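Okay, so here's the structure we're looking at.
The values are calculated or read from the model by the stated rules, or taken from the named source; none is laboratory data. Because the structure is a prediction, the values reported are computed rather than measured. Using ideal geometry, Cβ is built from the backbone for each residue, glycine included, and neighbour counts are taken over all protein chains shown.
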Amino acid sequence: MNASLDKAYWLGLAISVVLPVLVGLVTKHVTHGGVKAVLLLALSTLNGFLVELANPGPNYDFGTAVVLSLVAFAIGVLSHFGLWKPTGVSDKAQTALGGGTPAARTTPGSV
C-alpha cells in the first residue's frame, strides 16, 4: 500500500503550524487565553474546511473536513506551546502590532 498526501494537505499542515503566530498578531497581551483559544479554533476550522475544498479528490467529504480541523487545532496548540512560546516568537508577535508589553505578574501577598 502506497500512502501519499496531496499538496493541499501539506499546505494545510504548514498553515496549522503558523496559525498561533497569526493569533498573536491580531490579539494583545491582555486578551484572555480563552479568547485566543477560540480564535485559534475558528482559524483551524477554516483551515480544515478549505484544505478539504482544495483537495483534488472526486467529492467534498464533511467528515474529513472536521477531522482536518481538529488536527489543525491540535497542531496549532502543540506548536504554540512547543515551539513559538519557548522561543519568544509569541510575545514578539503580540507586541509587533501594538499589543503592548506583557503585564507584570504579581503573586498574592506581594507588593
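The single condition from (1) at pLDDT 95 or above; (2) surrounded by fewer than 19 Cβ atoms within 10 Å (Cβ to Cβ) that Pro102 fails is (1). Only helices (runs of 4 or more DSSP H) whose full extent lies in the range 1-80 are considered here, and the ones with at least 3 residues that are touching a residue at least 60 places away in the same chain (Cβ under 8 Å) are 7-26, 62-79. Screening Val38 against (1) surrounded by fewer than 13 Cβ atoms within 10 Å (Cβ to Cβ); (2) modelled with pLDDT under 95 leaves a single unmet condition, (2).
Is the range 87-101 home to any residue that is of a type outside the set (A, V, I, L, M, F, W, C), closer than 23 Å to Leu11 by Cα, in contact with a Gly (Cβ under 7 Å, 6 or more places away or on another chain) and touching a residue at least 60 places away in the same chain (Cβ under 8 Å)? Checked the range 87-101: at least one residue is of a type outside the set (A, V, I, L, M, F, W, C), closer than 23 Å to Leu11 by Cα, in contact with a Gly (Cβ under 7 Å, 6 or more places away or on another chain) and touching a residue at least 60 places away in the same chain (Cβ under 8 Å).
If only residues of the range 43-76 that are at pLDDT 95 or above and hydroxyl-bearing (Ser, Thr, Tyr) are counted, the one that is surrounded by the fewest Cβ atoms within 10 Å (Cβ to Cβ) is Thr45.
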